[in-house]
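Taken together, the values in this text are just the output of simple stated rules run on the coordinates, not laboratory data. Model, not experiment: these values are computed from the prediction. Every residue, glycine as well, gets a Cβ built from its backbone with ideal geometry; the counts of neighbours run over all protein chains shown.
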Amino acid sequence: MIADLRFALRVLWKSPAFTLAALVTLMLGIGANVVVFGVVNAVLLHPLDVSDPQNLYQLRLGEWTSGKLLTTSYPAYEDLRRRNNTFSEMAGFDGFAEATLRWGNTVKSVTGYAVTGNYFEMLGVQPQVGRFIQATDEHGPNSAPYVVLSDQLWRSAFSADPGVIGTTVRLNKDSFTVVGVAPARFHGTEHFDRPDYWVPFVNWNQQFLQNRTSMTVTVLGRLKPGVTPQQAAENLSAIAAQLAKEYPQTDTGMPLRLVRPGLQGDAGDVIRGFLYSVAGLALLVLVAACANLASLFAARAADRSRELALRVALGASRWRLVRQLLAEAMVLSMVGGAAGLVIAGLLLRALDQWQSPYGRLAVSVDARVYLTSIALTIVSALLFGMIPARQVSQSSPLQAMKSGPVDSMPLRRFTLRDLLVGAQIAICTLLVTASLVAVRGMVRMLHAPLGFQPQGAILADVDLSEIEQRGDALLEKQKAMLEAVKGIPGVATAGAVNRVPFTGGLRGIPVFPPGTTDFNLNNSVLAPYRFTISPGYFEAAGTRLVRARDVSWRDTTNTPYVAIVNETFARKMWGDMPAIGQRFILLDHLREVVGVVEDGKYHNMQEPPQPVVYLPLTQSEQRGLVFVVRSPRAHNEMAPALERALSGLEPNALIKVQSWHDVLGGVNALFPARASTAALGVMGVLAVMLAVTGIFGMAAYNVSRRMKELGIRAALGARTKHVMSAAVGRPIVLLGLGSLAGLLLCVLASRLLEHIVYQANPRDPLVIGGVVLTMALLGIAASAIPAVRALAVDPSKLLREE
Amino acid sequence: MIKLKNLERSYPLAKEKFFYVLRDINLEVEEGDFVSIMGPSGAGKSTLLHILGMHDHGWRGEYFLGGTAVHHLKPKERATLRNEQIGFVFQQYHLLDDLTVYENLDIPLSYRHYKKSERAAMVADMLDRFQIVGKKDLYPSQLSGGQQQLVGVARAIIAEPKLLLADEPTGNLHSSQGEEIMELFCKLNEQGMTIVQVTHSEKNASYGKRVIQLRDGWIVKGE
């Protein structure tokens, strides 16, 4: 065996170009798979850093709810916890606790979780400093003014000072005592979330503690031994039905189910589908790489057939020859795999540092990643080493010594190597098509009607939660701020809204028909998203007012309550009837529709048309506002002017100014499209590189093997086209057939692509045109050099070299 | 048929010097002639043959083939002329290994725009004429050397060239096979084909009508 390895090293050393090409191919193929597996491992396979994660489940509503973590109200959580007999413990959290942290001179915008007192105890996590919030801390509203810091916040804001325990900090306007610091590896139960702190519900959302309509709590539970998730779900659904009877006005009795925590509730299905699909495509890249190498190895084995035949003649067994070829494949694969692992390790480390819109993702090269890369290396070596080994084991030594054609079977011109190159091209076409489909998806998404115009607009997010004013005084302050913004030179138009689309926190608000007296949720006719707006918001946002009027400062709590709805709201409520003048009850007020605006996207790009209602700021108090400002002036001129104007009126308010475009780019809106475009783009580029080397290798090999034949053909009268056809005709035919097969595969794999790309359509004429063009260019690029070499054939020289 | 005037072939050496393979070649070959070019190795025999066959374009001087001034033709026009007028036989046979005898004979015709039906008839005729019908589906490796060269000659003349160039056509054959090929050449010559062969063999040269001796690139006899 050692002799085989030594000989393998010598053979590979003697063919540096071949060895380098093979190593780069393997490095790319294995490296891409290790990176993808590293992410799959971190997101899907790595258990949460809590005790007994296999028993931990998250409650979800029976219906699939995209991107929304919230499932139940705090009172309902308590009822479920008390009444169930299938969970050993239940805890809850609200992942939308955004706040301004003030400590000493530090003012920092932070996000954290509001949690139930038993949260840490149920998860079985131990603090690195101090203690955690405990169930015994809670004795009713405002009884536990404690905060637990994350390791990251502790280090960034408190310089990792253990003496911070016992210190009082302010979160918005409330004071909290720091009781502990979570361990560095603990980030809650969501892979993509990195909360900065944890505070108890009883001191955070007191107004919701008794409110059964505020679905703010995500519930986690630990199953009792021997209980299946199905049994637990049935138990919880029965309790939910019971609660609906007890609280018909607030509880819907919707059945519940259990999912694994960690992937943003039901978004886990999308993330899982995406990652497994990308992993599938990465494996295809490796298969293409192996086909490429198998083809190269088969060609080399054919070249060495005389040497191998001589070995047989000298007494070598066939197994010995196979072992020799496999040893070469294994040596190459090991070195290529090691290089791939190093590259993948660097990429994974970069990915670990990257702040995605979903948060930071902890990826690392652990034992599982190492084992996977070793397995990929061995399987690759077997895949591309076995084919030439089999070829050699089946060949006739006598024939090989005579160096004649192996046989005269009718299919002699269609070799295994052709099949391998064809398969590789088909896979390449599939991946190129997938890349172009992703790019098209991205372009489509960028041009999809959003219902607002982010280009040229600036957002100033102002948190007024700490100011004392309420009611009319607050409104006057907000009006003054808007006037101050409008007074900035260069501002064309400005408006305000409670939150801009795509920044989360949206939930359906029940709408009841006029005359409703029983506000049972089952009597609601629609659950639209709600935005609160100032006059002028639509103009500033670039949202088209389809009918009637905007809200006005004259719409007050002393005048009839009004609303503006979008087209989907109007259609769902009143069909073809005019919406203007129609009435409905929402948030305890009968409201009249005074305007209709165009539809848009609000939560994500994939959502179907959503009903939306816009309420005037004058009739719906709002403490946090986002000012939308449109100006021809440059962002870097406007941003400081905006900050000055706003902070002049409210010096204590935390103000964040960003271009709307940046806000949109940094949040979830385009992230799936960008991620899929990036992932498929990389796969496509890798596939193209492999296909170019594959076709080039085949064409170059063909030409070098057939120089004499080409010389004879030229001597017999072959013209340029004949020589070209003889030299690179086969690779070009294979390119055509492989591309066709790849396109067909892609159409068949549409469903796989749908997991990755928004509205994936491989039949898109532009995509097909792009694929044909790419493959044609690829064919030209790969066969140009061999073709030129073939055309330069000099028969007089070649034929005399014999 | 052939007229060469002051033909030279050289390869550049360092410092603007040249190595001359052929020098001041003046030669006339009449239609229906059978010329043997002889000389020691490195005399320039094969180079001269490849120039006549228009495989080599790096020469200077004048070359007339059947009244056409080859030296004035562009490479593409030379290729057309070659395809119309010249057939080539090689010492190593140079049959295409992956093609059958039938396909090897068909190849030159496919490069000359014959229709498929015409080609089939011409190949069938040639197989019959050379009595190799039974071998039409065999590959070159399944033939003896003599049989391969027979196919090589058949391939060279299948497009009915006026001039047959042969580079050591019997160099790889044993004597009886060599005689067979030379007798075949004589027969073709009698039928009107002009033949120019390169040979080391006095005996083979004796089948021809005229011998040209080359030495160090110069014609020393038979100009």
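With axes computed from alpha carbons, what is the tilt in degrees of helix A:416-447 against the longest principal axis of chain A, rounded to the nearest 10 within 0 to 90?
So the helix axis and the longest Cα principal axis differ by about 20 degrees.
Can you tell me what share of the DSSP beta bridges in chain A is antiparallel? A percent to the nearest 5 is fine.
75 percent
Using Cα pairs under 8 angstrom and six or more residues apart, how large is the relative contact order of segment B:98-175, in percent?
Numbers: 53 pairs, mean separation 31.6, N = 78.
Computed over segment B:98-175, the figure is 40 percent.
Using only Cα atoms, what Kirkwood radius does chain A have, in angstroms?
Working: mean 1/r = 0.0323 Å⁻¹.
For chain A, inverting the mean 1/r across all distinct Cα pairs yields 30.9 Å.
Pairing the Cα long axis of helix A:471-486 with the longest principal axis of chain A, what angle in degrees results, from 0 to 90 and rounded to the nearest 10?
50 degrees
Over 22 Å apart: what share of the alpha carbon pairs of segment A:56-261 falls there, rounded to a whole percent?
Details: 10184 of 21115 pairs.
Cα-Cα pairs in segment A:56-261 separated by more than 22 Å: 48 percent.
Rounded to two decimal places and with Rh computed the Kirkwood way over Cα pairs, what is Rg over Rh for segment B:28-111? Write down the numbers at each step before the final one.
On the way: Rg = 14.7 Å, Rh = 14.9 Å.
With Rg and the Kirkwood Rh in hand, the quotient comes to 0.99.
By what distance, in whole Å, do the Cα atoms of segment A:478-636 stretch along each of the three principal axes, largest value first?
Here the spans come out as 51, 40, 28 Å, largest first.
Using only alpha carbon positions, build the gyration tensor of segment A:183-248, then give the equivalent ellipsoid semi-axes as the square roots of 5 times its eigenvalues, largest first, whole angstrom.
Ellipsoid semi-axes (Å, largest first): 27, 22, 9.
Pairs of Cα atoms under 8 Å, at least six residues apart: use those to get the relative contact order of chain A, whole percent.
Numbers: 1461 pairs, mean separation 121.6, N = 802.
That works out to 15 percent.
With an 8 Å cut-off on Cα pairs and a minimum separation of 6 or more residues, tell me the relative contact order of segment B:2-221 in percent.
That works out to 32 percent.
Measure nothing fancy, just the Cα-based angle from helix A:267-303's long axis to the longest principal axis of chain A, in degrees from 0 to 90, nearest 10.
So the inclination is approximately 10 degrees.
What is the average number of partner chain Cβ atoms found within 10 Å of a Cβ in B:88-101?
Whole-number average of other-chain Cβ neighbours for B:88-101 is 4.
Calculate the all-directions average of the projected area of segment B:77-197's alpha-carbon convex hull, and give it in nm².
Here the figure is 7.1 nm², rounded to one decimal.
For the protein assembly as shown, what is the charge dipole size about the Cα centre, in debye to the nearest 20, if Lys and Arg each add +1 at the Cβ and Asp and Glu each add -1 at the Cβ?
2100 debye
How big is the gap, in Å, between the Cα center of segment B:1-19 and the Cα center of segment A:494-566?
So the two Cα centres are separated by 94 Å.
At 25 °C and 0.890 mPa s, grab the translational diffusion coefficient of segment B:2-221 from Stokes-Einstein with a Kirkwood Rh over Cα pairs, rounded to a whole number in µm² per second.
For these conditions, the coefficient is 136 µm²/s.
What whole-number volume per residue, in cubic angstrom, does the convex hull of the C-alpha atoms of segment A:591-689 give?
Given the Cα convex hull of segment A:591-689, per-residue volume reads 189 Å³.
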